[in-house]
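Visitor: Here you go, one structure.
The values are calculated or read from the model by the stated rules, or taken from the named source; none is laboratory data. This structure is a prediction, so every number in the text was calculated from the model and none was measured. As a convention, Cβ positions derive from the backbone with ideal geometry for all residues, glycine included, and neighbour counts pool all protein chains shown.
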Amino acid sequence: MNTLSLKTKMALAVSLLFLLVIALLSWCALAYQERSLKNAISRQQFALVSSLAENIDDKLRLAHGTLIAAARQVQPSAAGSADRAQRFLDARITLLSIFDNGLFLISSDGRLIAESPYLPGRRGRDDSHQEFYQQTVKTGKPYISKPYTSSRTPGHPAIFLSAPVFDRHGRLTAILGGSFDLWGSNFLQELSRTRYSETGYFYLTDRDRTIIVHPDKDRILPRALPAGTNAMYEKALAGFEGSGETVNSDGVRVISSVRHLRTTGWILAANYPTSEAYASMAAAKRYFLLATVGLTIAVLTITWLLMKRFTGPLEAFTRHVESVPEKFGEHHSLEIGSNDEIGILGQAFNRMVTTLESQQAALRESEEKFSKAFHLAPSLFALTNLNDGRIIEVNEAFERLFGYRREEIIGRSTLDLDIWNNPADRDRLIGMLRDGREVREQEITFRDRTGNLLVGLYSAAIIDVHGDKYLLSLHNDITARKRAEEALRESEVRYRTLVEGANDAICTIRDGCFVNCNRKALEMFRCTAEEFIGRRPEHLSPPMQPDGIDSASKAREKVVQALAGPPQFFEWRHLRSDGTLFDVEISLNRLEYQGKTELLAIIRDITERKRAEEALKVSEAEKSLILNSTIDLVVYHDADMKILWGNLKALDSVGMQPEELTGRQCWELWHQRTEPCVGCPVVLARDTGQPQEAEIRSPDGRQWYIRGFPIKDDDGKVKGVVEFCLDVTGRKRAEEALQESEEKFAKAFRATPSILVISTIAEGRYIEVNEAFERILGYRRDEVVGRTSLELNIWETPEARSRFLQALREDGKVRDLEANFRGKRGDHFVGLLSSEVIEIKGEQCLLILVNDITERKRMEAEIEILNTDLAARAAELEAANQELEAFNYTVSHDLRTPLSAINSCCQIMMELDADAHMSEGTEFIRLIHEAVWRMNGLISALLDFSRLSRVELSRERVDLTEMAKAVVCQLRMSEPERRALFTAADGVEALGDPRLLRIVLENLLGNAWKYTVNRETAEIEFGVTEADGKPVCFVRDNGPGFATDDADRLFRPFQRLAGAENFPGHGIGLAAVKRIIQRHGGRVWAEGEVGKGATFFFTL
């Protein structure tokens, strides 16, 4: 390197510097871009993975929630019947669209009851070895299985979602499940087909490293991720979520992002090979390297050519310097034609050679001058030997300051003379000089000959004189200045103490801004020093002053006047940092300090004075009007607590005139005491000089809220107290009533058998719960208060809570919302929820009431089962009745045909016998004819009876009184010769079928008419009475009656009592009445005694 020319070195240096700068800038830029690219890719990839994870979570929760809801609809009978179970599963269209690998109903012992879509030969299959069955049976809760090999689609991996089915006693009766084929078409498989780059992919695993979803189907289920092959995946197993670079199980370096699924704990990961992710950055690096090499070569060539041109004169100068003779004094001029630095250097060289000799002569003259200056200088000079400290020379100032003569000092050391107050200072200073450090104006304390201490600024340097080391010392005495500074500091402390202790705000203003202030100023403006210093007066003022002039211009005017002339005294309105206004009195004084002109501002808060001045403007009449208008009793006391004045309320309360009130004391007038009340706020205000307040009860039981405000004179001494008294008896009673009401509410709240909860609206946190909540849900109160229903997992399904919140948002209240809840022990119950918004201490809260209807729901389910069985039984009975009616019709029709033939033959024979006068044969034929007619009437009655069950029932309002009168009228017309007394109650009405009710009255009144035929005067009554609070209609007669034991036989078809054969009839009428009444939902019965008539009762 030493053999290279200057131009070559400079060319290489410039090129190297260029290369280093370009390389450094390029490295920084590329590193920043690479880091930004990596961060952006990682963030985007993690955001995508998070979005997909939340999507899968939502779909899993929806699928599982739908399955759980369907499990509650499974009837207990379905677990015992494969066909019913199959119909139930086939009807679950929504679930079949979700679960592509089928729906399953498995018995409690692990046998397959049914599956949909149906596959033959699989019912009864044993699934008790499956993990999803064992976990569901073990926990009794819904479960999402680990991946397993499906038996429905052999060889395919699958996931099984289960939901337990319980009977009404809480026993597990079956398991409803749905399966996803991991090779099928579902939202999980869609993940494997999702791509966000050419080689990037997603995969999903469980916590046991088993792959659930992967673009390569062969890696699903059979092959687990090896431990330790993917550092990012290992961190994910430990709970990590995020992105980072890692090496996957195939040895490929990738950007990996991982996120946990909240529902299952599965891990969703995305791998993006770095070779593809950073491809653009690698290409940019290659291009930049080529560009840098080319630029460096070009810069090196250009720089070398320029240096060759620029250093030509310098080479000529160098050759000239080398040719200068060694003997000093000969003059050699160098001629360089350029006017640049090299030309100037040559001219300077010529001048240097010319002046060196003259400088030597000047040096000798300078040494003589230095000697004179050394001795005559006002500052202290001393020259000492560096090794032993002996003094070689001192000047007159040294002798004068320390009090020694020169001959007493020369040859002695400073240690011998004891002029160092601290000898360690000398060692320290010499050490600094030996270390090559400068010693400049070090403040050192010395001692003079008489022992007085001298403070000076000490400077020293080591000089070489003929090969020996000497110490040249300079000492400037600053003793007087230090004393002045100390006095100044003491003065400043006294000034600062005076300023900080002042009761007024004191500030200094320079260039229109505050530059300093005392503590009172910060208190007055209610701000910190940082908020005050640097602000202008108008910044701490409202936009306009009370006189209408804007604050900024008026403040500048006052500052200019104070700087130019005498002090300024004026009033001002300032603005505190909290926005409140206050009035001040300001004194501005010009201040000259250290060559600077400032303004000293003294600010006094006159807000109270202004208020007092305003108050003084109000006349005594106005004061009286104001005080007499208040609802308080206002009394003014002097320092001896004697009343000087009272308002009208005070005068009226004691029934006195003003002159009677003056001079009295309040405790004797209002409290009938001889001394002040204990804790009297008026006496305390006088004694403390501060406002006081308290509540005091007077002897008449009234409660008074009393406030005392001291009035002070100019010296701050209390000269009187203003007392304000307010009767708060009504308010206190209201408060006590409110407290009593709250206690009653609290007792009712705690004792209510239904669940009662008070919670916040914003977060749903429980504020209070009652005993029923603790009893039914199993939580203690301290476990619940401050927590939410979500934290306690009380809602069985999130859909129910969503319905509750939706209803609350829409209507502002909730009424009778049915929902399922979960207790602390996992037990479930059904509740009927109502909620209302209430206000507690100004905050809106929710009052929630839940009635446990689990038992009612269980009974309703049982009733539904019974109704179902009853409906089936009714259908069977209906079918049997239809068959019986068909049989009756057939038999009646078939019987009527031969009866018609017999009847016709009898008529012909009777006509023939009449011609032949065959009297005995005619009688037999007549008997046969009558029997045929009776049998025909019986068949007609039988047909009418059977039709009663088929007639469609219509309900309308029927006037039974008028209907009964019409039936009796027809009976009278059929037998006008009979004597009968008929009475009917007025206004008897009923809701029923008028045609059928007419048949009822015709049969009942017809029977009464028929069975009273042997009475001289038949007595028949239709009326209404009451039984068990309900109206009961009756028909009473004075016929032969019947025995009590025969009452039930009356309503049986074809059953007639003894003696009934003397009366016409077929035994069908009362049976028809019973059937009609039962179809109306009522009942019919009879009461009677032999020989005392009968009464028939019926209800509708």
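Visitor: Would you say V247 is buried (at least 17 other Cβ atoms within 10 Å of the Cβ) and either over 30 Å from H64 (Cβ atoms) or not acidic (D, E) (or both)?
Guide: No.
Visitor: Looking at Q86, Q45, Q73, Q33 in this structure, which one is outside any helix (DSSP H, G or I) and either assigned by TED's automatic domain parsing to the domain that holds D869 or polar (S, T, N, Q) (or both)?
Guide: Q73
Visitor: Output the strands (runs of 3 or more DSSP E) that fall wholly within region 413-525 and possess 1 or more residues being farther than 30 Å from D583 by Cβ, of a type in the set (A, V, I, L, M) and touching a helix residue (DSSP H, G or I) at 6+ places or on another chain (Cβ under 9 Å), or say none.
Guide: 439-447, 453-465, 468-477
Visitor: What number goes with the only condition from (1) crowded, with 17+ Cβ neighbours inside 10 Å; (2) modelled with pLDDT under 80 that L401 does not pass?
Guide: Result: L401 passes all but (2).
Visitor: Could you list, in sequence order, all residues of region 241-258 that are of a type in the set (S, T, N, Q) and in a strand (DSSP E or B)?
Guide: Matches in region 241-258: S243, T246, S256, S257.
Visitor: What are the residues in region 1068-1087 that are in contact (Cβ under 8 Å) with a residue 40 or more places away in the chain and over 13 Å from L1004 (Cβ atoms), if any?
Guide: Within region 1068-1087, I1068, R1075, R1079, H1080, E1087 qualify.
Conditions tested, residue by residue: (1) over 20 Å from G456 (Cβ atoms); (2) at pLDDT 80 or above; (3) among the small types (G, A, S).
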| position | (1), (2), (3) |
| --- | --- |
| L345 | yes, no, no |
| A373 | no, no, yes |
| L383 | no, yes, no |
| N395 | no, yes, no |
| S413 | no, yes, yes |
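Visitor: Right, something else. Tell me which residues, restricted to region 626-652, are modelled with pLDDT under 80 and surrounded by fewer than 17 Cβ atoms within 10 Å (Cβ to Cβ).
Guide: I626, N628, S629, T630, I631
Visitor: Could you say whether any residue in region 758-769 is over 27 Å from the mean Cα position of the chain (by Cα), of a type in the set (K, R) and on the phi < 0 side of the Ramachandran plot?
Guide: Scanning region 758-769, I find no residue that is over 27 Å from the mean Cα position of the chain (by Cα), of a type in the set (K, R) and on the phi < 0 side of the Ramachandran plot, so the answer is no.
Visitor: Please determine, by comparing only the residues of region 773-802 that are in contact with a Gly (Cβ under 8 Å, 6 or more places away or on another chain) and assigned to a helix (DSSP H, G or I), which one is nearest to S754 (Cα to Cα).
Guide: It comes out as I776.
Visitor: For region 718-751, how many residues meet the condition of being touching a strand residue (DSSP E or B) at 6+ places or on another chain (Cβ under 8 Å) and more than 30 Å from C680 (Cα to Cα)?
Guide: 1
Visitor: To continue, here is another question. Among the residues of region 194-240, which ones are under 24 Å from R43 (Cβ atoms), free of Cβ contacts under 8 Å to residues at least 24 places away in the same chain and assigned to a loop (DSSP other than H, G, I, E, B)?
Guide: R195, P215, A238, G239, F240
Visitor: Then there is this: For L295, indicate whether it is modelled with pLDDT of 75 or more, aliphatic (A, V, I, L, M), not assigned by TED's automatic domain parsing to the domain that holds T149 and not in a helix (DSSP H, G or I).
Guide: No; evaluated as a whole, the condition is false for this residue.
Visitor: Residue check: is Y143 within 37 Å of the chain's Cα centre (by Cα) and either crowded, with 16+ Cβ neighbours inside 10 Å or within 30 Å of D869 (Cα to Cα) (or both)?
Guide: yes
Visitor: Scan region 322-329 and give yes if some residue there is surrounded by fewer than 13 Cβ atoms within 10 Å (Cβ to Cβ), modelled with pLDDT of 75 or more and among the hydroxyl-bearing types (S, T, Y), otherwise no.
Guide: Taking every residue of region 322-329 in turn, none turns out to be surrounded by fewer than 13 Cβ atoms within 10 Å (Cβ to Cβ), modelled with pLDDT of 75 or more and among the hydroxyl-bearing types (S, T, Y).
Visitor: Among strands (runs of 3 or more DSSP E) lying entirely in region 672-760, which contain 2 or more residues that are free of Cβ contacts under 8 Å to residues at least 60 places away in the same chain and outside the structural domain of K841 (by TED's automatic domain parsing)?
Guide: 692-697, 703-712
Visitor: Ok, one more. Has region 524-532 got any residue that is buried (at least 19 other Cβ atoms within 10 Å of the Cβ), within 24 Å of A564 (Cβ to Cβ), in contact with an Asp or Glu (Cβ under 7 Å, 6 or more places away or on another chain) and not acidic (D, E)?
Guide: Looking for residues that are buried (at least 19 other Cβ atoms within 10 Å of the Cβ), within 24 Å of A564 (Cβ to Cβ), in contact with an Asp or Glu (Cβ under 7 Å, 6 or more places away or on another chain) and not acidic (D, E), one finds none in region 524-532, hence no.
Visitor: In addition: Restricting to region 464-501, name every residue that is of a type in the set (A, V, I, L, M) and either farther than 20 Å from S379 by Cα or in contact (Cβ under 8 Å) with a residue 12 or more places away in the chain (or both).
Guide: V465, L471, L472, L474, I478, A487, L488, V493, L498, V499
Visitor: Mind counting the residues in region 9-38 that are surrounded by 15 or more Cβ atoms within 10 Å (Cβ to Cβ) and not hydrophobic (A, V, I, L, M, F, W, C)?
Guide: Within region 9-38, residues that are surrounded by 15 or more Cβ atoms within 10 Å (Cβ to Cβ) and not hydrophobic (A, V, I, L, M, F, W, C) number 4.
Visitor: Determine whether Q665 is under 30 Å from R697 (Cβ atoms), among the polar types (S, T, N, Q) and either over 58 Å from the mean Cα position of the chain (by Cα) or modelled with pLDDT of 85 or more (or both).
Guide: yes
Visitor: Out of the residues in region 417-453 meeting the condition of being surrounded by 11 or more Cβ atoms within 10 Å (Cβ to Cβ) and of a type in the set (S, T, N, Q), tell me which one is farthest from S473 (Cα to Cα).
Guide: Step by step, filter region 417-453, then rank; the result is N452.
Visitor: Which ones in region 262-280 are within 44 Å of the chain's Cα centre (by Cα) and hydrophobic (A, V, I, L, M, F, W, C)?
Guide: Within region 262-280, W266, I267, L268, A269, A270, A277 meet the criteria.
Visitor: What do you reckon, is A964 modelled with pLDDT under 85, outside any loop (DSSP other than H, G, I, E, B) and surrounded by 17 or more Cβ atoms within 10 Å (Cβ to Cβ)?
Guide: Spelling it out, it is not the case that A964 is modelled with pLDDT under 85, outside any loop (DSSP other than H, G, I, E, B) and surrounded by 17 or more Cβ atoms within 10 Å (Cβ to Cβ).
Visitor: Related question: Is there a residue being free of Cβ contacts under 8 Å to residues at least 60 places away in the same chain and out of contact with any strand residue (DSSP E or B) (no Cβ under 9 Å at 6 or more places or on another chain) anywhere in region 1016-1025?
Guide: The answer is yes, given that some residue of region 1016-1025 is free of Cβ contacts under 8 Å to residues at least 60 places away in the same chain and out of contact with any strand residue (DSSP E or B) (no Cβ under 9 Å at 6 or more places or on another chain).
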